[in-house]
Amino acid sequence: MFCPFDGALLIDAQATDEKLDPLLGVTIDARYAIEAVLGEGGMGTVYRTRHVTLGRALALKVLRSDLAQEPELAARFLVEAQATAAIEHPNVVSITDFGRLPDKRPYFVMELLTGQTLSALIRAGGPLPASAAVHVAIAIASGLEAAHAAGVVHRDLKPENVFLLDDASKEVRVVDFGAALIVGASRLTKKGVVFGTPYYMSPEQAAGKDVDHRADIYALGVMLYEMLTARVPFEGDTYMGVLTQHMFVLPKPPSEAFPDLCGKLGAVEAVLLRALEKDPAARFPTMHAFAEALVQSLDARLGPSWPSPERVSSAPKGIADSIELPTMGEILHSITASAVAARRRKLRTLTVVALTSLVAIVAIAAAVHAYSTPSVSASTSASASGPASVSTPASVSASVSTPASASASASANANANANADANANASVPTPQATTPLTKPPRPHPTSKPATVNALGPDPFEQR
């Protein structure tokens, strides 16, 4: 855990000697008798108290003495009381009273919860059954929906701030609105200041930007991821190492990171990953929409709706209890994983394009070769048959057909040349020997020959 003020890594401190606490045994405002210390948080100490008149056990939270001297922190402490008191919902802890101690430190009184935090449940027994995790997330979303409707953004949602009651109702309570943002109220946190717990912080919150209710949607997505896997999606050695991953690294889907645990999440995983989108606009628009999507994702394959009493003993050991910070090499690998994957995809795309282009070039070359081969053969045969064979299509056809046809064509051409020499002044063409005798076209009157054909009168002229 990190300090929300300077980012320093916090370690477990020795238990405080309750005998040294000056408030033990004291009655505050003649109504609340302090009986025991229940715990300490970043802003104050929580005591078990009893209402003197009603005899009802309650919890009383007092701002720490070292923080009471800071007006801004004292004001924030009162904001927590006002924000929580403005929310009336069974999944949000109820505030019944607030005031100031004789030393001017503010305090507020809330219902006493008996049970354990969600964090303690995960650490003790590992991942929750998928259906149980979804039901807890729906309850949290329901409470935060009421908070958002009242204009309150939690901003520090985490398993330590979710309480599971031990009674038969198995109710869920969202607590500790100490970092809450009240919409429309004066700003207590300066713009650009990062406030919250890094493991559950939204990218925009990690960057010090303005946040709204969608930051709580992201944090609840991280909590659902942790409930299903007993690990948060991003871990690091330093405060900034975790924040950097929230801003730039895509979370690994639970079904890929933990296939044995999360292989059958189905639609739950899609809902979870949408809540973890980097862009707030890509997440669910409201907490109500997130809760509705979780309800629709429930499936019989997810198992029981609540962990059985044997869950802690039967759950895989070492999953939640052996959480350790990764090495710097693992952090660098996590940060660069998406870039490496992108480069590999680009290389595969270029390879496919190159192979496709090569195949296209080979196909075009083969088509050109197949088209040009018959033309070359015809030209070669035409050249071998002599000049006369080019004069008519019939001679070209004969020269291409067979060698015998080529020889006959050559003889016919020789006879035709002899006749042409004998009749130099004749204009009537002599029919080719290779073609059947047909009626030649009647000469035009202007081109009628002046001499008589040596072969005699034209039989067609005598008709």
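For the subset of region 1-23 comprising residues that are surrounded by 14 or more Cβ atoms within 10 Å (Cβ to Cβ) and closer than 27 Å to R100 by Cβ, which member is modelled with the lowest pLDDT?
Taking the candidates together, the pick is P4.
Return yes or no: is V268 buried (at least 20 other Cβ atoms within 10 Å of the Cβ), over 18 Å from Y200 (Cβ atoms) and modelled with pLDDT of 90 or more? Steps first, please.
Numbers: buried (at least 20 other Cβ atoms within 10 Å of the Cβ): yes; over 18 Å from Y200 (Cβ atoms): yes; modelled with pLDDT of 90 or more: yes.
Taking the combined requirement at face value, the residue satisfies it.
Let me spell it out: the conditions are (1) at pLDDT 90 or above; (2) under 44 Å from the mean Cα position of the chain (by Cα); (3) not β-branched (V, I, T), and E72 meets all of them except one. Which number is the exception?
Against the list (1) at pLDDT 90 or above; (2) under 44 Å from the mean Cα position of the chain (by Cα); (3) not β-branched (V, I, T), E72 comes up short only on (1).
Report the residue count in region 109-150 for those that are within 25 Å of A83 (Cα to Cα) and not in a helix (DSSP H, G or I).
Within region 109-150, residues that are within 25 Å of A83 (Cα to Cα) and not in a helix (DSSP H, G or I) number 10.
Would you check if T45 is in contact (Cβ under 8 Å) with a residue 40 or more places away in the chain and not hydrophobic (A, V, I, L, M, F, W, C)?
No.
Counting just the residues of region 66-97 that are among the hydroxyl-bearing types (S, T, Y) and within 13 Å of V175 (Cβ to Cβ), which one comes out surrounded by the most Cβ atoms within 10 Å (Cβ to Cβ)?
T84
Filter region 282-292 down to the residues that are in contact (Cβ under 8 Å) with a residue 24 or more places away in the chain and among the hydrophobic types (A, V, I, L, M, F, W, C), then identify the one that is surrounded by the most Cβ atoms within 10 Å (Cβ to Cβ).
It comes out as F290.
Pull up region 253-265, narrow it to residues that are of a type in the set (D, E, K, R) and farther than 15 Å from A132 by Cβ, then point me to the one that is surrounded by the most Cβ atoms within 10 Å (Cβ to Cβ). Before you say what the answer is, go through the steps one by one.
Residues of region 253-265 of a type in the set (D, E, K, R): 256, 260, 264.
This time we only want the ones that are farther than 15 Å from A132 by Cβ, so: 256, 260.
Details: E256: 10, D260: 6.
For region 253-265, the residue satisfying everything is E256.
The values are calculated or read from the model by the stated rules, or taken from the named source; none is laboratory data. All values derive from a computational prediction rather than experimental measurement. When we count neighbours, we look across all protein chains shown, and the Cβ atoms used for this are built from the backbone with ideal geometry, even at glycine.
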